[in-house]
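Notes follow the structure.
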Amino acid sequence: MFACAALAMATLVSAPACAANRHVTIVNKTGYTMVEFYGSNNGTTDWQEDVLGDYVLAHGESIDVNFDDATGYCVFDFLAIFEDGDQVKQEDVDVCSVGIFTFN
């Protein structure tokens, strides 16, 4: 489930060349374990489903997420919830042009 460095580099290189590619590598560099992650397009008012499900994203780990939800949206909001209860929200991420997104 966790992306390897080669996949991350391939995603970074191919994302700008293909606007339909909505794959983004989410990287956790916060020092805390991410226990939930949500990504919802700007056309919706709810957070959809937890992308991690039963998994967690420890510090230093990454995951490749396909944000193609068949709506045609490229702009998404992200919400990460960490083991200590902290929540980090990032709005207006263009998943059609961003190959890697890092939580610091």
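The values are calculated or read from the model by the stated rules, or taken from the named source; none is laboratory data. Just so it is clear, the structure is predicted and the values come from calculations on it, not from any experiment. Methodologically, a virtual Cβ is constructed for each residue, glycine included, from the backbone with ideal geometry; neighbour enumeration extends over all protein chains shown. When the accessible area is computed, the model is the full protein with side chains, heavy atoms only, and any ligands, DNA or RNA have been set aside. Shrake-Rupley method; radii C 1.70, N 1.55, O 1.52, S 1.80 Å.
Observations
- Residue, most open to solvent (accessible area, probe 1.4 Å), within segment 7-62, restricted to residues that are at pLDDT below 95, part of a loop (DSSP other than H, G, I, E, B) and among the small types (Gly, Ala, Ser): Ala17
- Test: residue in segment 41-60 that is within 11 Å of the chain's Cα centre (by Cα) and of a type in the set (Gly, Ala, Ser): no
- Residue in segment 54-67 that is without any contact (Cβ under 8 Å) to a residue 40 or more places away in the chain and farther than 17 Å from Thr25 by Cα present: yes
- Options Phe76, Phe103; residue that is aromatic (Phe, Trp, Tyr) and touching a residue at least 60 places away in the same chain (Cβ under 8 Å): Phe103
- Each residue in segment 70-104 was checked for being buried (at least 16 other Cβ atoms within 10 Å of the Cβ) and either under 13 Å from the mean Cα position of the chain (by Cα) or outside any loop (DSSP other than H, G, I, E, B) (or both), and 16 of them qualify.
- Residues being in contact (Cβ under 8 Å) with a residue 40 or more places away in the chain and among the acidic types (Asp, Glu) - total across segment 34-53: 1
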